[in-house]
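K.L.:
One structure, pasted below without further comment.
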Amino acid sequence: MSDRKRNNRLSRRDFLKGVGAIMGATGVASITRVNPVGAKPDRTNTNGLTTHKRKYKYPWWVKTVDKITTEVNPDIATKPPMVTFATYAQAMIPDEEWDINNSKAKEYVKEGIINNIPGRTLPDLALHYALHSDMTLGSMGSFDSPRTVKIKNHEELVTYNLHPPRDFDLDPWQASPEEASRVLEAAGIQFGASMVGFTKLNPDWIYPYVKFEPGITEPVMDIKNMSFRIPESYKYVVLLITQGPRDLLIRNQSELGAAGDRATYSRMFNAGVQMARFIKGLDYGYAELLAAGPIIPFALEAGLGELGRMNRLINPIFGGNIRITGFLTDLPLAPDKPIDFGLQEFCKTCKICASECPAGALSMADEPYWIPANAFQASGKKVYFEDNLKCAKYITERGNYCSTCLSVCPWSKQDKAALHEIAKVTSVIVPSSGNFLSDMDQAFGYGLIREDDPEMEDWWDLDIPEEGIDSYQGKA
């Protein structure tokens, strides 16, 4: 362990206790906007039984009782039937009536689209069916849904029970690029994305085996012959980033940390499936960007962040604790502009990602450079090229994904403390002060929680938000 790591092992818990002793809990809460650290809330009832994390937060007027408040009578009770509402309806409604009801539903839905009825417009319908992607066992409330659903692959999941305008003999959704971007952004946030960005296709960033052809209307992937044919009309790119559960990700290099990484990818994939369904629901095409080319250059163009020392996207709000997905589409969109929050100069002096990298895969050079480290990397960009092999070996030897560099990045510290916000602003105004923000991180105990740290196992007792995500981070 380096001297820097050894000398900066002050934990968040110890630091805030110290501040509390000096300033007083009330002062800390008002200045830093964080809850004062003290005794854990009493989570046991009078019988010594542990209560759930959320239940002990019930307001004062919610009381516990010995029996449920619904009156029951065991003497006349019968066993519940082995059906759900959906299976009951399917069992009780004959095929002929089911078809008639579907026809009525189709006309009702079409009426909303044609007359542009608020809440029943085409984007409204597309959102409904995009969010229907997990209802793979059949569902009431969506017409023309098959009675028995068996999804075999990803493509079937994306196209299952969709109703684009062509199903109603109508034209694809028409909107200005600006309106289309506004609608897709709102939908993307609903799907679980933290941010949505748009840019145009740059053919220079596409893999050699990808060909754009004017004569086709759907992407054609031929894995055997290493060919991916995409319609020439797919000139626009939609990017989604999802933030990860920080309380897990700072326990990197452990199974808990790997769980945080998987959770971030799961949110990304779910949001991606739903966005693909949404685009198709508007009657436009899509192709997976990850299959066509590296996604980070497009995310940079879409203004979702800058490229950091670790050669990953760093967002000014969420830092590096994000995952990215994207799509090529023929839906005209208004492109965003790239952003600059001083990261290029900041990374020259910070270097914390490289010093913390357990594989020693990241460069400690003072300046970025043009020469790639190996054939796996593309030339033509001035960056801190990493040693991919060292990184890959470290991950495969441990059996879980490492995102240490992204987690220790000072920009990944999603904290509301005033001093930390001041440090971030200072780092933007004076980018060469990269050491200032990283040193503040260390002083505040915001580094990784390691295996020998008593905080490692505390995660199971944390009062985390849903999915471990502060969805208002940077927005409130």
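The values are calculated or read from the model by the stated rules, or taken from the named source; none is laboratory data. Fair warning: this is a prediction, and the values are worked out from it, not measured in the lab. Because the Cβ atoms are built from the backbone with ideal geometry, glycine has one as well, and the counts that use them run over all protein chains shown.
K.L.:
Of the numbered conditions (1) over 30 Å from Ser176 (Cα atoms); (2) surrounded by 18 or more Cβ atoms within 10 Å (Cβ to Cβ); (3) in contact (Cβ under 8 Å) with a residue 60 or more places away in the chain, Thr264 satisfies every one except a single condition; which is it?
P.N.:
For Thr264, the exception is condition (3).
K.L.:
Take the residues in the range 182-193 that are in contact (Cβ under 8 Å) with a residue 60 or more places away in the chain and aliphatic (A, V, I, L, M); name whichever of them is surrounded by the fewest Cβ atoms within 10 Å (Cβ to Cβ). Full working, then the answer.
P.N.:
The initial filter retains those residues of the range 182-193 that are in contact (Cβ under 8 Å) with a residue 60 or more places away in the chain, namely 183-184, 187-188, 190-193.
So of that shortlist, the ones also aliphatic (A, V, I, L, M) come out as 183-184, 187, 193.
Working: Val183: 20, Leu184: 24, Ala187: 24, Ala193: 27.
Looking at residues that are in contact (Cβ under 8 Å) with a residue 60 or more places away in the chain and aliphatic (A, V, I, L, M), I get Val183.
K.L.:
I need every pair where a residue in the range 98-120 that is touching a residue at least 60 places away in the same chain (Cβ under 8 Å) has its Cβ under 6 Å from the Cβ of a residue that is surrounded by 14 or more Cβ atoms within 10 Å (Cβ to Cβ), sequence separation at least 6 or different chains.
P.N.:
Matching pairs, first to second residue: Lys106/Phe143; Lys110/Phe168.
K.L.:
Right, here's the next one. Please go through the range 312-351 and give me each residue that is within 24 Å of the chain's Cα centre (by Cα) and either assigned to a helix (DSSP H, G or I) or of a type in the set (Lys, Arg) (or both), ordered by number.
P.N.:
Residues satisfying the conditions are Arg312, Arg323, Lys337, Leu343.
K.L.:
Do we find that Pro214 is of a type outside the set (S, T, N, Q) and more than 30 Å from Arg166 (Cα to Cα) in this structure?
P.N.:
No; evaluated as a whole, the condition is false for this residue.
K.L.:
Also, quick follow-up: Consider Arg251 against the criteria (1) touching a His at 6+ places or on another chain (Cβ under 8 Å); (2) surrounded by 22 or more Cβ atoms within 10 Å (Cβ to Cβ): it satisfies all of them except one. Which criterion is unmet?
P.N.:
Every listed condition holds for Arg251 apart from (1).
K.L.:
Right, something else. Would you confirm whether any residue within the range 159-166 is assigned by TED's automatic domain parsing to the domain that holds Tyr284 and surrounded by 15 or more Cβ atoms within 10 Å (Cβ to Cβ)?
P.N.:
Step one: filter the range 159-166 for residues assigned by TED's automatic domain parsing to the domain that holds Tyr284, giving none.
No, that holds for no residue.
K.L.:
In the range 352-367, what residues are touching a residue at least 40 places away in the same chain (Cβ under 8 Å), buried (at least 17 other Cβ atoms within 10 Å of the Cβ) and assigned to a loop (DSSP other than H, G, I, E, B)? So that I can check it myself, show each step before the final result.
P.N.:
First, the residues of the range 352-367 that are touching a residue at least 40 places away in the same chain (Cβ under 8 Å): 352-359, 362-363.
Now narrow it down to the ones that are buried (at least 17 other Cβ atoms within 10 Å of the Cβ): 352-354, 356-357, 359, 362-363.
Scanning the range 352-367 gives Cys357, Ala359, Leu362, Ser363.
K.L.:
Among the candidates Leu256, Leu249, Leu239, single out the residue that is in the same structural domain as Tyr284 (by TED's automatic domain parsing), touching a Gly at 6+ places or on another chain (Cβ under 8 Å) and modelled with pLDDT under 95.
P.N.:
Answer to the check: Leu249.
K.L.:
Might you check whether a residue that is surrounded by 17 or more Cβ atoms within 10 Å (Cβ to Cβ), assigned to a loop (DSSP other than H, G, I, E, B) and not hydroxyl-bearing (Ser, Thr, Tyr) occurs anywhere in the range 194-214?
P.N.:
Quick first cut of the range 194-214, residues surrounded by 17 or more Cβ atoms within 10 Å (Cβ to Cβ) only: 194-199, 201, 205-206, 210, 212.
Filter again for assigned to a loop (DSSP other than H, G, I, E, B), leaving 194, 201, 206.
When the remaining residues are screened for being not hydroxyl-bearing (Ser, Thr, Tyr), the result is 201, 206.
Yes, the range 194-214 has at least one match.
K.L.:
Right, next: Can you name the residue in the range 211-236 that is at pLDDT 90 or above and among the charged types (D, E, K, R) and, of all such residues, is farthest from Arg182 (Cα to Cα)?
P.N.:
My answer is Asp222.
K.L.:
Go through the residues of the range 167-181 one by one and say whether even a single one is touching a residue at least 40 places away in the same chain (Cβ under 8 Å), surrounded by 20 or more Cβ atoms within 10 Å (Cβ to Cβ), assigned to a helix (DSSP H, G or I) and not assigned by TED's automatic domain parsing to the domain that holds Gly112.
P.N.:
yes
K.L.:
Considering only residues that are aromatic (Phe, Trp, Tyr) and assigned to a helix (DSSP H, G or I), look in the range 267-311 and name the one that is surrounded by the most Cβ atoms within 10 Å (Cβ to Cβ).
P.N.:
Going through the qualifying residues, I end up with Phe278.
K.L.:
Here's a follow-up. For the range 222-231, what are the residues that are surrounded by 13 or more Cβ atoms within 10 Å (Cβ to Cβ) and of a type in the set (D, E, K, R)?
P.N.:
Arg229
K.L.:
One residue is enough: does the range 443-456 have a residue meeting the conditions farther than 27 Å from Ile189 by Cα, of a type in the set (Gly, Ala, Ser) and at pLDDT 65 or above?
P.N.:
Of the range 443-456, the ones farther than 27 Å from Ile189 by Cα are 443-456.
Still in the running and of a type in the set (Gly, Ala, Ser): 443, 445, 447.
Next, only the ones that are at pLDDT 65 or above stay: 447.
Yes, because at least one residue in the range 443-456 is farther than 27 Å from Ile189 by Cα, of a type in the set (Gly, Ala, Ser) and at pLDDT 65 or above.
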